[in-house]
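Engineer: What follows is a structure written as structure tokens; I'll ask about it next.
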Amino acid sequence: MKRIVKNALMSEFNAEVLATDSAAAAISLIEHENIPFNIIVSRNKLDEEASALTLLNYNYDRTPSIPIIVLGDVEFSGSNYIKTADRFRTEEIFRHIIDLLNISKEELAEIKLPEYIPVPIEIFIRSKLTICDVYIKISKKHDPDQYVKIMHTNHEINHEHITRYQQKEVTHLYVKKADRNKFFDSMIEQSVAILEKQDLPSNVIVDVAAEHYGISQNLITQMGITPHCVKLVNSSVKAIAKVVQGHTSLGPLLKLLLNNRGSYAYRHCHLITLFSHRVLNIVDWCDEKQFDQNFEKISFVAFLHDITLPEDQLVQINNKLDLYKLNLSKEKKDLVLNHANTISTIVQTFPKAPSGADIFLRQHHGVSNGIGFADTFVSNLSIHAILFIVVEDFAHHLLNFKENKLTMSEIFIKLYQRYPLPSYRKIVDALKTMIVGGM
Ligand SMILES: [Fe+2]
Ligand SMILES: [Fe+2]
């Protein structure tokens, strides 16, 4: 049992656990080893020795006392201890430890983090300096992973090395847990600063935003919505919107996006933002202020809607048939089926997200609960979701232009067939106007 408890505490709290076979040995450790113990866990009896009572009495006279958890029943009138049932469960011990040590939710999350935190390699591409040591992971078949230092604190980043790692398909480098906040602060500051530069040409903004998409994706899937990720997402969404607003004619920007080397996921986000902007102008739903709010919301949703899907192949799926044709593993299939609901829930923790963005995200495949894909498209979705669904479909057609070899008029025939309801047709009409007018 000693081993079970020891292993459980080590894995749950990353704790260092010292185990003894008697109360006397434990007291001797505490007295002589000069180790600051946070907590003592003891059986009520060890063989016939009343071990818990011995420890409780010892601790009663000690300042400061150390919180004790007794496994099993014990009669003692002092404080700073908790006893468990005889047939305790490890979760119960965990709960008592959290209570006795007054560990907050945030502290607990911190404790549970591994010693080395993975950081997406793209984060180094545009940054000049790293403010802490950076490591690479060497995985061994039978031994634990090794972390080898490759950059020192305040080291100038060698971008050639980074490219070489990428060519070897290294996707992450690592920093120590204690360094992670200041590391992300500094790296994201450097990345965001690039996008805030005045007069940056559109092609550079598109490249940087495409890298930021990959970094945001990593941050969100590994850590959820953190202040760093909020900063990165907000600055990227703004930059993409600015590019879209800055191009009055469609052709050059379309060419730039279709030829961009970034991921399919990123390019389809940018295209959706572009087409939504134009469609909003054409359908003329609202006054200028509402226009800005609608566009802001759509740009935000476009950037995030598929961000939990790690592969371009999964991003391209927009109906049930495509999903089943791909023969994915159960895990991937579930990821795709649930992605609209997942991102909707994640975004509920995003500070100052545009209002209703979560509902919109949940509906982006035409299903109100965000699970799966619509069989038929219904009209009781938000008007934004309807616009988004049609515009996204159109974006997929353009990105797959070379493989599918459909002409523009064939694409429109397909869209009219797929979306017979008037609220959807109106969006198809607007897209057609946009293409004909080259807007
Ligand atoms: Fe999508
Ligand atoms: Fe999606």
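The values are calculated or read from the model by the stated rules, or taken from the named source; none is laboratory data. Being a predicted model, the structure only gives us computed values, none of them experimental. Using ideal geometry, Cβ is built from the backbone for each residue, glycine included, and neighbour counts are taken over all protein chains shown. For the accessible areas, the whole protein counts, side chains as well, though only heavy atoms, and no ligand, DNA or RNA atoms are used. Shrake-Rupley method; radii C 1.70, N 1.55, O 1.52, S 1.80 Å.
Engineer: In nm, give the distance between the simple-model label positions of Leu250 and Lys112, each being 7 Å from the Cα along the Cα-to-Cβ direction.
Structural biologist: 4.8
Engineer: Along the Cα→Cβ direction, 7 angstrom out, place labels at Asn260 and Asn327. What is the inter-label distance in nm?
Structural biologist: 3.3
Engineer: All other residues with a Cβ under 13 Å from the Cβ of Leu257 taken together, and with Lys, Arg as +1 and Asp, Glu as -1, what is their net charge?
Structural biologist: Overall, the nearby charge balance is +2.
Engineer: Please identify every one of the GluC sites (Glu not before Pro) in segment 146-244 that sits in a loop by DSSP and has no more than 14 other beta carbons within 10 Å of its own beta carbon.
Structural biologist: Glu169, Glu196
Engineer: Under a Cβ-Cβ cut-off of 12 Å, what is the net charge of the residues other than Ile150 that fall near it, where Lys and Arg count +1 and Asp and Glu count -1?
Structural biologist: +2
Engineer: On alpha carbon coordinates alone, what is the Rg over Rh value for the chain, Rh being the Kirkwood radius?
Structural biologist: Result for the chain is an Rg/Rh of 1.10.
Engineer: Something else now. Give the Rg/Rh ratio for segment 20-111, taking Rg as the radius of gyration of the Cα atoms and Rh as the Kirkwood radius, to two decimals.
Structural biologist: 0.96
Engineer: For a test of understanding, tell me how many lysine pairs in segment 2-109 have Cα atoms under 18 Å apart, given they are 8 or more places apart or on different chains.
Structural biologist: Total qualifying Lys-Lys pairs in segment 2-109 comes to 5.
Engineer: When only DSSP loop residues count, what trypsin sites (Lys or Arg not before Pro) in segment 150-227 have their Cβ near at most 12 other Cβ atoms within 10 Å?
Structural biologist: For trypsin sites (Lys or Arg not before Pro) across segment 150-227 that sit outside H, G, I, E and B with at most 12 neighbouring Cβ atoms in 10 Å, the list reads Lys168, Lys197.
Engineer: Quick one: compute the contact order of segment 147-264, relative version, from alpha carbon pairs under 8 angstrom and 6+ residues apart, as a percent.
Structural biologist: 26
Engineer: Also, quick follow-up: Return the whole-Å distance between the Cα centroid of segment 212-278 and the Cα centroid of segment 291-312.
Structural biologist: 8
Engineer: Considering the Cα positions of segment 202-437, please state its Rg to one decimal place and its Dmax as a whole number of Å.
Structural biologist: 16.5, 47
Engineer: Next question. Net charge around Val17, counting only other residues with Cβ within less than 15 Å of its Cβ (Lys, Arg = +1; Asp, Glu = -1)?
Structural biologist: It works out to a net charge of 0.
Engineer: Only loop residues by DSSP count here, and only those with at most 13 other Cβ atoms within 10 Å; note down the GluC sites (Glu not before Pro) in segment 392-439 that meet that.
Structural biologist: Within segment 392-439, no GluC sites (Glu not before Pro) qualify (loop, at most 13 other Cβ atoms within 10 Å).
Engineer: Relative to the longest principal Cα axis of the chain, at what angle does helix 383-399 sit, 0 to 90 degrees, rounded to 10?
Structural biologist: It is inclined by approximately 80 degrees.
Engineer: About the Cα centre of the chain, how large is the charge dipole given +1 on each Lys and Arg Cβ and -1 on each Asp and Glu Cβ? Please answer in debye to the nearest 20.
Structural biologist: 1500
Engineer: If I compute solvent accessible area with a 1.4 Å probe over the protein chains, what percent of it on segment 152-198 is carbon and sulfur?
Structural biologist: 44
Engineer: Using a 1.4 angstrom probe, figure out how much accessible area the chain has per residue, in square angstrom, rounded to the nearest whole.
Structural biologist: Per residue, the chain has 52 Å² of solvent-accessible surface.
Engineer: Once label points are set 7 Å from the Cα along Cα→Cβ at both Asn369 and Lys149, what is their separation, rounded to one decimal in nm?
Structural biologist: Each label point lies 7 Å from its Cα, and together they span 5.3 nm.
Engineer: Per DSSP helix of 4 or more residues, -39500 (n - 2.57); summed, then divided by the residues of the chain. What does that give at 222 nm, rounded to the nearest 500?
Structural biologist: Taken over the chain, the calculation gives -17500 deg cm²/dmol.
Engineer: Probe radius 1.4 Å, ligands and nucleic acids ignored: give me the carbon and sulfur share of the accessible area of segment 237-350 as a rounded percent.
Structural biologist: Carbon with sulfur: 49 percent of the solvent-accessible area.
Engineer: With both partners inside the chain, how many of the DSSP beta bridges are antiparallel, as a percent to the nearest 5?
Structural biologist: Around 65 percent of the beta bridges assigned by DSSP in the chain are antiparallel ones.
Engineer: Taking springs between alpha-carbon atoms closer than 10 angstrom, which of Thr345, Thr90, Thr163 fluctuates most in the Gaussian network model of the chain?
Structural biologist: Largest GNM mean-square fluctuation: Thr90.
Engineer: So for the chain, taking the charge dipole from beta-carbon charges (+1 Lys/Arg, -1 Asp/Glu), which of Phe88, Pro252, Phe183 sits furthest toward the positive end?
Structural biologist: Pro252
Engineer: Equivalent ellipsoid semi-axes for segment 349-439, as square roots of 5 times the alpha carbon gyration tensor eigenvalues: give them largest first, rounded to whole Å.
Structural biologist: So the three semi-axes of segment 349-439 are 25, 15, 14 Å.
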